[in-house]
């Protein structure tokens, strides 16, 4: 086993207003005596992020800072992955923080799964906290990652998991650079290739909703970029699924629901007809518009609705 059990990877771009809370949440962890490192990738920040990181480095021997030109979230995560020495990787967004007080070291060391999931909490604009994509069944049961993924709308956000670093390297899994919603491509791809998975019943991560983020932006051009990249993520997964029938079998359900998310955002964001046609045409080429049929009644209603509206 590596000397370091975990590498925390934090991309930071102009993160001064909230990075301190993020780093403090890691410092407060009870690591059960296990070795760890915190890798912060300063992705071309122009605010006080650099000075803040310099201050933290002076008091923490466990922190590694990588400074690079602004290349985006995916490139920053990839840069952190290249230098990470931990047996497991934990991705943390700089504007979020960890909620847990104790690190689940014994579970990682005992079961050595390729992927562990954790429970996520979300703090809304009103400050209220709620569960976010909690995996209720089969906690702390070692299982096939493909079996878990099958017939499940898999939660894609990479900060909801611990990732075994050797597995990611063996499979050459990295983030697609320049893509928004890059997790939609990365996480299902990883599950399709992983051998083992375990869901841990631990409230670990708190996602903070913020105005102007990738998921909440009202900027039309950024919304269009996001939707085009979600279509690109779906195409990426299609390419993976086409490699073998067993990959298709475990990935299809998630891909169907990614198409649902694309159409849902396309309608909710009220784009012009020309852009709606661009997205639906791209989905049509891949066989995702009109939507495939499923037995769930809400899915069927949405399927009919999109056929009428679009």
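No lab work stands behind these numbers, since they all come straight from the coordinates. Predicted model, so just to flag it, every value in this text is computed and none were measured. When we count neighbours, we look across all protein chains shown, and the Cβ atoms used for this are built from the backbone with ideal geometry, even at glycine.
Based on C-alpha pairs under 8 angstrom that are at least 6 apart in sequence, the range 38-154 has a relative contact order of 18 percent. Angle between the Cα long axis of helix 183-193 and the longest principal axis of the chain, 0 to 90 degrees, nearest 10? Taking the Cα atoms of the chain, the angle to 183-193 is about 90 degrees. Between residue 201 and residue 286, how many nm apart are label points set 7 Å from Cα along the C-beta direction? Each label point lies 7 Å from its Cα, and together they span 3.6 nm. Taking only the C-alpha atoms of the range 242-306, the Rg (one decimal) and the largest Cα-Cα distance, Dmax (whole number), read 12.7, 39 Å.
Only helical DSSP H runs with n ≥ 4 go in: add -39500 (n - 2.57) per run for the chain, normalise by residue count and round the 222 nm mean residue ellipticity to 500 deg cm²/dmol. Per the formula, -13500 deg cm²/dmol.
Just so you know, the Rg over Rh for the range 81-125 is 0.99, from Cα atoms, with Rh as the Kirkwood radius. Among 122, 171, 235, whose mean-square fluctuation peaks in a Gaussian network model of the chain (Cα, cutoff 10 Å)? The residue with the greatest mean-square fluctuation here is 171.
Quick one: of the DSSP bridges fully inside the chain, what percent are antiparallel, nearest 5?
On the way: 13 of 41 bridges.
Given both bridge residues lie in the chain, the antiparallel proportion sits at roughly 30 percent.
Seen from a random direction on average, the alpha-carbon convex hull of the range 149-215 projects onto 5.7 square nanometres. Relative to the longest principal axis of the Cα atoms of the chain, the long axis of helix 220-241 makes an angle of roughly 90 degrees. Over the chain, Cα pairs under 8 Å with separation of 6+ residues give a relative contact order of 17 percent. Averaging the sequence gap over all C-alpha pairs within less than 8 Å and six or more residues apart, then dividing by the number of residues, gives the range 28-98 a relative contact order of 36 percent. Inter-label distance, residue 275 to residue 129: 3.6 nm, where each label sits 7 Å from its Cα along the C-beta direction. Relative to one another, the C-alpha centroids of the range 1-79 and the range 160-232 are positioned 19 Å apart. For the chain, set up a Gaussian network in which alpha carbons nearer than 10 Å are linked by springs, and say which option among 90, 157, 284 fluctuates the most. Per the Cα network of the chain with a 10 Å cutoff, 284 tops the list. GNM remark for the chain: springs join alpha carbons under 10 Å apart, and the peak mean-square fluctuation among 31, 286, 81 falls on 286. Annotation for residue 151 and residue 28: the two label points, set 7 Å from Cα along the Cα-Cβ direction, are 4.1 nm apart.
How far is helix 297-309 tilted, in degrees, relative to the longest principal axis of the Cα atoms in the chain, given as a value from 0 to 90 rounded to the nearest 10? Rounded to the nearest ten degrees, it is 60. Translational diffusion of the range 143-297, estimated by Stokes-Einstein from the Kirkwood radius over alpha carbon pairs at 10 °C in a medium of 1.306 mPa s, is 95 µm² per second.
Once R0 is set to 45 Å, what does the formula 1/(1 + (r/R0)^6) return for the Cβ-Cβ distance between residue 140 and residue 235, expressed as a FRET efficiency to the nearest 0.05? Please report the intermediate quantities before stating the final value.
Values: r = 35 Å, r/R0 = 0.79.
Working from the Cβ atoms, E equals 0.80.
Within the range 1-115, the proportion of Cα pairs with more than 23 Å between them is 25 percent.
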